[in-house]
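Visitor: Following this message is one structure expressed as structure tokens.
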Amino acid sequence: MVDQEHEAERTGGFTARLPLKVLTPIALVLPLIVAVAVIGVVVFVQGRSAAAALEARGVEQVHGRIGDRLRALLDGPRRWHALVREQIEAGVLDVDRPRSWRAPLFEQRHAFDAALAGVCWGDEAGRAVWVFRYPGRPGWQWGIRDEETGGVLEEWQLDADGEPVPGSVRRSAYDPRERPWYRLGVEASSDEPGAAVWGEPYAWTTDDRGGVAALGLPYAAAVHDGAGRRLGVLDTELSLADLSAFMRGLKIGRSGIAVVTDTRGRLVATSTGARLADDDLGRISALASEDADVRALARRWIEVHGEGVPSLTGGRVTEVELERGTALMSVSRFKTDGGLDWLVATAVPVADFTEGVHAIRARALRIVLAAVGLTLLMGMGLAAWLVRPMLRITDHARRVGAGDLESRLELNQARELVELSGEMNRMTDGLRDRLALRKSLRHASEVQQSLLPNADLDLPGFDIVGHCDYCDETGGDYYDYLADAETHETGAAVVIGDVMGHGIAAAMLMATARGVLRSRSRSPGSSSAPGIADLLTHLNKMLVEVTGGTKFMTMLIVNLDPAFGELRWSTAGHDPPMIYHPHTDSFREPDGGGLPLGVLPDEAYETHDPEKLPPGTVVLIATDGMWETRNADREMHGKQRLQNSIRRHAARDAAGIRDGLLADLHAFRGDAPRDDDETFVVIKAV
């Protein structure tokens with residue numbers, strides 16, 4: 001026997017002299033060491049190009065966000081302009097009584113971006129009125145020039161309620177017809193009557209008006225009456241100082257900068273606080289800026305792209321040397337409707353992107369090397385004992401992975417291995433149970449989805465679209481359409497409900513409620529305006545009997561009457577319909593309600609007074625998942641954002657509004673997990 005062992009060592013070479021507990025860790029760790037070395041070389045060789053690509057993408061993303069935020073800010077003057085213009089044309093603001101404009105204009109300022117400077121009006125007779133906010137001066141000002149002021153301008157400080165502060169009046173010579181914004185609106189009207197355009201920045205005031213000196217950016221248009229006669233010019237404005245303040249508030253990497261110029265290279269706004277105009281309010285070019293980084297951006301831009309900009313359509317990332325070090329710069333053309341044409345440049349120091357990357361790479365390399373050494377030492381002691389059990393475990397895992405869930409693993413070499421085999425067997429049993437449960441949940445989800453309407457309601461005078469998306473396989477949200485076939489003139493009913501909780505229990509209660517409603521709605525008149533409250537009362541009694549008052553759900557039933565273009569509703573603890581009137585840009589969310597279904601057996605519900613739905617009106621009925629969803633910062637979406645989304649998409653058909661609401665909701669939530677069902681129905685009066 002001894003001779004055979006020596007012969008095996010002689011013929012087998014060096015490895016035959018080593019025990020398996022030594023060979024095993026070497027065989028395991030040596031490839032790892034080689035792989036780490038190869039990967040390390042590749043990482044360090046390719047690291048710079050990968051980092052450069054990461055930096056370029058980062059700058060492009062930052063640059064794109066700056067453009068988006070700037071576009072959103074500039075939308076404020078346009079929206080305020082459209083609102084005031086609509087009120088003038090509708091006669092809500094009387095052009096012959098400009099003094100009456102103060103209160104509504106002051107009240108409207110809350111609805112728009114805080115960076116807006118204000119709104120101005122002037123007419124052919126020289127009358128003028130404005131509500132304005134000057135940079136560096138607290139509060140808002142009211143200016144008026146009419147018959148009562150004797151041809152001069154009176155400007156008043158307004159208090160928090162929009163009332164003139166006694167003794168604050170300042171008087172000066174002023175003719176709106178001579179102001180740049182007025183001429184801008186008149187010239188635009190000569191090309192296209194009623195067209196609103198952006199103008200060149202101009203000096204608002206000089207030091208003879210309280211020391212305020214600023215450049216304003218006008219958005220003006222002439223307003224005409226029904227006969228085509230020009231009533232005057234309407235102007236909404238931003239100050240370039242406020243525009244720069246807005247830029248300073250944006251996050252541009254960790255220490256980046258942003259600069260906006262016109263196509264002639266004159267500064268419009270910067271995030272550095274650099275001056276935009278000289279002491280005489282003359283425009284300063286980026287090349288002549290007091291800020292060295294702004295000058296560096298302008299010089300580098302000219303080096304790469306030349307003096308002209310007509311061919312520029314998108315950003316291009318290039319390096320630029322700033323005082324804070326090497327940075328990556330992207331410049332693109334920024335154009336809007338109304339003639340605004342700017343250049344936007346952003347620069348982010350390379351260190352903002354690479355410091356963390358280099359530190360992580362070095363730390364990862366140290367961890368890998370330490371792990372290799374530790375693995376080698378531990379493997380020397382454990383390999384001999386673990387080789388055989390590990391092979392059995394590998395074989396067992398392979399069989400389980402292939403679908404053999406009846407396979408059993410029995411290890412008896414040590415207590416831990418015995419426990420491991422028991423845990424793996426229990427894991428296999430649990431996996432088998434979970435697969436069966438998942439299959440059941442998949443079937444339950446298919447059944448529940450089949451309970452929702454398979455087509456949208458076709459009702460004359462209304463465009464109706466519904467949507468339901470559960471956050472789990474099954475959910476507790478529900479919507480349905482109930483049409484009274486025998487009394488078609490009463491229209492139809494739209495139902496939406498929300499069961500407390502999620503999962504199978506909520507889905508079963510929802511299915512029960514649907515069955516009761518569908519059964520009851522076969523009775524003539526049940527989906528009519530008087531009948532919807534009886535539906536809720538009947539359903540409440542049935543649910544109390546089924547659940548014993550331990551489970552409840554909210555529900556809203558809306559009756560739509562195509563003959564009169566009206567909406568009636570009845571609710572059991574559910575939020576009332578959200579009604580948007582685009583012609584007044586206003587929302588109405590009626591009051592009223594009752595206890596949720598399933599709480600008290602004797603609760604009686606009522607049908608609320610009708611709501612007229614003129615063409616274009618948008619009605620949203622929804623569950624709380626539409627406004628209580630949260631983003632990664634745990635900020636709630638809220639009804640205000642939901643109303644803004646409705647306003648933004650109200651001109652589209654019901655399907656377009658639905659798609660717009662979902663897109664806005666998902667964009668707000670981002671990568672945050674969805675923790676509630678999303679169910680709603682969009683009704684648009686057509």
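Visitor: What part of the accessible area of the range 545-610, given as a whole %, is carbon or sulfur when the probe is 1.4 angstrom?
Guide: It is 50 percent, rounded to a whole number.
Visitor: What does the extension gain come out to for D337 and N454, with contour length at 0.36 nm per residue minus their alpha carbon separation?
Guide: Values: separation 117, 0.36 × 117 = 42.12 nm, distance 4.14 nm.
In short, 38.0 nm is gained.
Visitor: Given the range 228-268, report the % of alpha carbon pairs whose separation exceeds 14 Å. Mind showing how you got there, number by number?
Guide: Numbers: 525 of 820 pairs.
Of all Cα-Cα distances in the range 228-268, 64 percent exceed 14 Å.
Visitor: Ok, one more. How large a share of the accessible area of the range 91-200, in percent, is made up of carbon and sulfur atoms when the probe is 1.4 Å and the other protein chains stay in place?
Guide: On the way: 2530 of 5050 Å².
That share works out to 50 percent.
Visitor: Any chance you could run the full-extension gain for D633 through K612? It's 0.36 nm times the residue separation minus the Cα-Cα distance, nm to one decimal. Walk me through the numbers on the way to the answer.
Guide: Working: separation 21, 0.36 × 21 = 7.56 nm, distance 3.97 nm.
Gain on extension, D633 to K612, equals 3.6 nm.
Visitor: For K551, list the aspartates and glutamates whose Cα falls under 13 Å from its own Cα; do not include residues on the same chain fewer than 8 positions away.
Guide: Cross-link targets: D498.
Visitor: Right, something else. Roughly how much of V317 is accessible, in Å² to the nearest 10, using a 1.4 Å probe?
Guide: Around 40 Å² of this residue is reachable by solvent.
The values are calculated or read from the model by the stated rules, or taken from the named source; none is laboratory data. Predicted, not measured: the structure shown is a model, and the values here were computed from it. For accessibility, only protein heavy atoms count, side chains too; no ligands or nucleic acids. Shrake-Rupley method; radii C 1.70, N 1.55, O 1.52, S 1.80 Å.
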